[in-house]
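Structure record follows, encoded as structure tokens.
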């Protein structure tokens, strides 16, 4: 009886210092993988559905062109017509040249040919503006594009 | 004597701080994967550059989408769901019809001499076509190509296209090259931009 009593008493604290190690490990994982959203999207975008799609490989080689109607708080100022957003502001097709040039500038010499322009375009958009964007990209020699889409819900 | 009573650092609050940071990063992290349909735009034609050679009419499949999102293939209206099989028979041309594309025997590595279709799918949209319709049409055309590639990959290498090695995938791509030409869109007569 005495023996059991002694054992019970000694089962006291456990060291929780290793818990912080584990948590820190997780923390570093998320810190490394996290990517802060660089731009705030000011247009409504519902991507079209498609099945024949591939993952965009290198995020650092991608620049985004957003096309859609302005979000509700901005509709008073910018109207409800389809607009294009580059970086953080509404732009026109003529701004694409500078946009692509600025993105190219950031990349190393070897990566410049790999630059991909990703189209984030709302499915309600008319093809006219899409074609204008594509024509401008051809003039800028930015020929690798990707139409972003979502997988259809089953 | 004083040495014996070395104060122990209470590390339990460290975990709290780390948890706090962890939840912050957990919430802000975005694991969104961007998936999309990769394409290559054709380089722009310079003025002095000579125009690309004319393609024989039988080798072209005309796909038109008008501003009302209606589809027309080779002058006949069609529903989107039938487009995939139409593209497949166009590219395969199983009976060697004279109104379907010609085939040219090419020597492809890992496969050998094989007839390759010269067919080109020409997609023309209107300025008023909706983007969702455009993507649906593109998707159907791509599906036709990937099904053809899959069928060929299974018959040749006993594996679907996606599971082949890099050089074998290239061989399959050589047998069914992606020939989609996008004509400049017609100006909209009706409908808003």
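Just so you know, all these numbers are worked out from the coordinates, no wet-lab data involved. These numbers were taken from a predicted model, which means no experiment stands behind them. Neighbour counts run over all protein chains shown; Cβ positions are idealised from the backbone, glycine included.
So how tilted is helix B:166-175 from the main axis of chain B? Cα-based, degrees 0 to 90, rounded to 10. Helix B:166-175 and the main axis of chain B meet at about 20 degrees. Each Cα pair of region A:43-147 feeds into the Kirkwood radius, which the Stokes-Einstein equation turns, at 25 °C and 0.890 mPa s, into a diffusion coefficient of 170 µm²/s. Restricting the calculation to alpha carbons of region B:57-182 gives Rg and Dmax of 15.4, 46 angstrom.
With equal scatterers on the alpha carbons only and no solvent term, can you work out the Debye log10 of I(q)/I(0) for region A:67-123 at 0.24, 0.25 1/Å? Debye curve over Cα of region A:67-123, log10 I(q)/I(0) at q = 0.24, 0.25 Å⁻¹: -0.99, -1.04. Ordered by the count of other Cβ atoms within 10 Å of each Cβ, fewest first, A:130, B:120, B:105 give B:105, B:120, A:130. Expressed as an acute angle from 0 to 90° and rounded to the nearest 10, what is the orientation of the C-alpha long axis of helix B:83-92 relative to the principal long axis of chain B? So the helix axis and the longest Cα principal axis differ by about 60 degrees. Fewest neighbouring Cβ atoms within 10 Å first, the residues A:108, B:67, B:13 line up as A:108, B:13, B:67. Once you have all Cα-Cα distances for the protein assembly as shown, histogram them in 20 Å bins from zero and send the whole-percent values. Taking every Cα pair in the protein assembly as shown, the percentages come to 22, 46, 19, 9, 3, 0.
If you count the DSSP beta bridges with both ends in region A:43-147, what percent of them are antiparallel, to the nearest 5? Of those bridges, close to 45 percent are antiparallel. Relative contact order, whole percent, for region B:57-182 stands at 29, derived from Cα pairs under 8 Å and 6 or more residues apart. I'd like the orientation of helix A:17-33 relative to chain A: the angle between its Cα long axis and the longest Cα principal axis, in ° from 0 to 90, rounded to 10. Helix A:17-33 sits roughly 10 degrees off the main axis of chain A. With contributions of -39500 (n - 2.57) from each DSSP H run of at least four residues, the per-residue ellipticity at 222 nm computed over chain B stands at -11000 deg cm²/dmol.
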